[in-house]
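**Student:** Just dropping this structure here.
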Amino acid sequence: ILFTDSFYDTFHTMADMMYYCQALALLEIINPLIGLVKTGVVPAVMQVLGRNFILFIILGNLEEMQTKGVVFFIFYLWSTIEVFRYPFYMLACIDTEWKLLTWIRYTIWIPLYPLGALSEAVSIVQAIPIFNETGKFSFQLPFPLEVTVGFPVFLVIYLPLQLL
């Protein structure tokens, strides 16, 4: 029962640390801009903003999402990827290569990135009915249209774009 409790309580246990780390991850966009890493700016922006969208909008704004099992997988997969990515980049900054770490860094993402994307997609699919029910982030277009545009419409459009 202890594992079950921690599995469904991942958000409440780790949210503050994940908020802090993802807020700092915004600085990762600067690294390719100044040439510190050889990654492109667009992939860095897509990854950071995509993760921040999931964390701050999908998970952070819906209490109903915070106890779902998918949160464990999202946090676990994001963290596992970074355990290898950050040391690789740190060593690269001082022109040092550790071949085993390089191999792991360029191999581990093959299963982890698709699993991370799948976990994020599951969280979006699970959040759509909640956003639909609550009307959160929905807005009304002004006269003469006077149509309410629901946030789930944006999520349905965002979902396939996430795969890019």
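All of the numbers you see were taken from the coordinates with simple rules; none came from a lab. From a predicted model like this one, the values you see are computed outputs, not experimental measurements. Please note: Cβ atoms are built from the backbone with ideal geometry, for glycine as well, and neighbour counts cover all protein chains shown.
**Student:** When residues of region 30-60 are filtered for being more than 22 Å from Y19 (Cα to Cα) and touching a Phe, Trp or Tyr at 6+ places or on another chain (Cβ under 9 Å), how many remain?
**Tutor:** Residues meeting the conditions: 3.
**Student:** Separate question: State all residues of region 99-128 that are of a type outside the set (V, I, T) and without any contact (Cβ under 8 Å) to a residue 12 or more places away in the chain; if no residue qualifies, say none.
**Tutor:** K99, L100, W103, Y106, P111, P114, L118
**Student:** Taking the stated definitions as given, is N31 farther than 20 Å from L118 by Cβ and either touching a Lys or Arg at 6+ places or on another chain (Cβ under 7 Å) or part of a helix (DSSP H, G or I) (or both)?
**Tutor:** Values: farther than 20 Å from L118 by Cβ: yes; either touching a Lys or Arg at 6+ places or on another chain (Cβ under 7 Å) or part of a helix (DSSP H, G or I) (or both): yes.
It is true that N31 is farther than 20 Å from L118 by Cβ and either touching a Lys or Arg at 6+ places or on another chain (Cβ under 7 Å) or part of a helix (DSSP H, G or I) (or both).
**Student:** Name the residues in region 131-156 that are among the charged types (D, E, K, R) and closer than 19 Å to E63 by Cβ, would you?
**Tutor:** Of everything in region 131-156, those that are among the charged types (D, E, K, R) and closer than 19 Å to E63 by Cβ turn out to be E133, K136.
**Student:** What is the one condition in (1) surrounded by fewer than 13 Cβ atoms within 10 Å (Cβ to Cβ); (2) over 20 Å from the mean Cα position of the chain (by Cα); (3) aliphatic (A, V, I, L, M) that I30 does not satisfy?
**Tutor:** Result: I30 passes all but (2).
**Student:** Still on this structure, please answer the following. Find all pairs meeting these conditions: Cβ atoms under 6 angstrom apart; at least six residues apart or on different chains; first residue within region 18-42 and within 22 Å of Y106 (Cβ to Cβ); second residue of a type in the set (S, T, Y) and surrounded by 10 or more Cβ atoms within 10 Å (Cβ to Cβ).
**Tutor:** From region 18-42, the pairs are P32/T39; V37/Y89.
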